Amino acid sequence: MKLRIGFSPCPNDTFIFDALVHNQIDTGDLQFEPVLEDVETLNQWAQEGKLDITKLSFPAFFSARNHYQLSDAGSALGKGVGPLLVSNEKCSLSAIDISQRKVLLPGINTTAHLLFSLAFPTATDKEFMLFSAIEDTLLQHNHLLGVLIHENRFTYERKGLTKIMDLGNYWEERFNVPIPLGGIAIKRSFEHSIKIKLEEWIRNSLAYSWAHYPQLSLFVRKHAQEMEEEIIRKHIGLYVNEYTRSLGLEGKQAIQVLFQAYLTLHKQSSSSTALPLFV
């Protein structure tokens, strides 16, 4: 049996799933076909239940929860890992009326968009684009703001952009839990035994990569070809942590808090939470 598993080409995802999709760990009679796409494409596909297993942003998971349940392994959560609101102007948050600016965001279904909307509910002039294009677009146009995620948080300063607000810090100070960025979801229709095995195999795949670290595999390097090695390692170090191996009680609580914020923002009632989120 072959399962299609979608994840992004970012170093944290390729690091986690390298051994799983390249037969370096024992997965019995199950095989995995990797489908690498940017996270917003995966978010959109999740609404259709297109893949058997998929990485996705948590707001996308919340809206696709009729198709999927969340795996305990493989997620990206943490403290100090949140999206950054930046500008190409040397200014502070107090000097800007956010509601009067166009803001570039990395996808409507991303955690970055949810956090921005929580922090600035009156800001409505939004443009969504591929996350990796936001940095350069800001450099080419004045008066725009942008929300950066992934490796761009390591490069924006050297390119002359200014941080206006750390949306991750905003979340942590307001809710006192880690920020949930993205998770691994598996089709609800699969047998529970397969879901449990998948969690074990993700942990084994992650352990395999850590056992060979600091060596970076060809798979990780290939898909991060535009990144310097230092940035690849910073990316892995920031987004692959104890919550990646297991959400634990703290991680699950953080996701529940984000889920309630999502429901409030989208004016959905708690009666729509009947489906269990986690495997």
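The values are calculated or read from the model by the stated rules, or taken from the named source; none is laboratory data. Model, not experiment: these values are computed from the prediction. Glycine gets a Cβ as well: all are built from the backbone with ideal geometry, and neighbour counts include every protein chain shown.
Every residue in segment 180-199 that is more than 23 Å from ALA254 (Cβ to Cβ) and in a helix (DSSP H, G or I), please. Can you show your working first?
So the first thing to find is which residues in segment 180-199 are more than 23 Å from ALA254 (Cβ to Cβ), and the list is 187, 189-194, 197.
Across segment 180-199, the qualifying residues are HIS192, SER193, ILE194, LYS197.
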Hey, any hits in segment 235-243 for a residue that's under 17 Å from the mean Cα position of the chain (by Cα), surrounded by fewer than 17 Cβ atoms within 10 Å (Cβ to Cβ) and modelled with pLDDT under 95? yes
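A quick yes/no check of all residues on (1) charged (D, E, K, R); (2) in the same structural domain as TRP45 (by TED's automatic domain parsing); (3) touching a Ser or Thr at 6+ places or on another chain (Cβ under 8 Å):
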{"residue": "THR122", "(1), (2), (3)": "no, no, yes"}
{"residue": "LYS126", "(1), (2), (3)": "yes, no, no"}
{"residue": "LEU130", "(1), (2), (3)": "no, no, no"}
{"residue": "GLU135", "(1), (2), (3)": "yes, no, yes"}
{"residue": "GLN140", "(1), (2), (3)": "no, no, no"}
{"residue": "LEU145", "(1), (2), (3)": "no, no, yes"}
{"residue": "THR155", "(1), (2), (3)": "no, no, no"}
{"residue": "ILE184", "(1), (2), (3)": "no, yes, yes"}
{"residue": "HIS192", "(1), (2), (3)": "no, yes, no"}
Test set (1) surrounded by 17 or more Cβ atoms within 10 Å (Cβ to Cβ); (2) at negative phi; (3) in contact (Cβ under 8 Å) with a residue 40 or more places away in the chain; (4) not in a helix (DSSP H, G or I) - CYS91 fails condition number: (1)
Give me a count of the residues in segment 224-279 that are part of a helix (DSSP H, G or I) and either more than 30 Å from TYR213 (Cα to Cα) or touching a strand residue (DSSP E or B) at 6+ places or on another chain (Cβ under 6 Å) (or both). 20
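Are any of the residues in segment 68-78 outside any helix (DSSP H, G or I), surrounded by fewer than 17 Cβ atoms within 10 Å (Cβ to Cβ) and either of a type outside the set (Asp, Glu) or not assigned by TED's automatic domain parsing to the domain that holds LYS252 (or both)?
Start the filter on segment 68-78 by keeping residues that are outside any helix (DSSP H, G or I), which leaves 68-78.
Next, from what is left, pick out any that are surrounded by fewer than 17 Cβ atoms within 10 Å (Cβ to Cβ): none.
No, there is no match, as no residue in segment 68-78 is outside any helix (DSSP H, G or I), surrounded by fewer than 17 Cβ atoms within 10 Å (Cβ to Cβ) and either of a type outside the set (Asp, Glu) or not assigned by TED's automatic domain parsing to the domain that holds LYS252 (or both).
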Is there any pair linking a residue in segment 250-266 that is surrounded by fewer than 15 Cβ atoms within 10 Å (Cβ to Cβ) to one that is part of a helix (DSSP H, G or I), with Cβ under 7 Å and at least six apart or on different chains, and which? LEU265/LEU114; LEU265/SER117; LEU265/LEU118
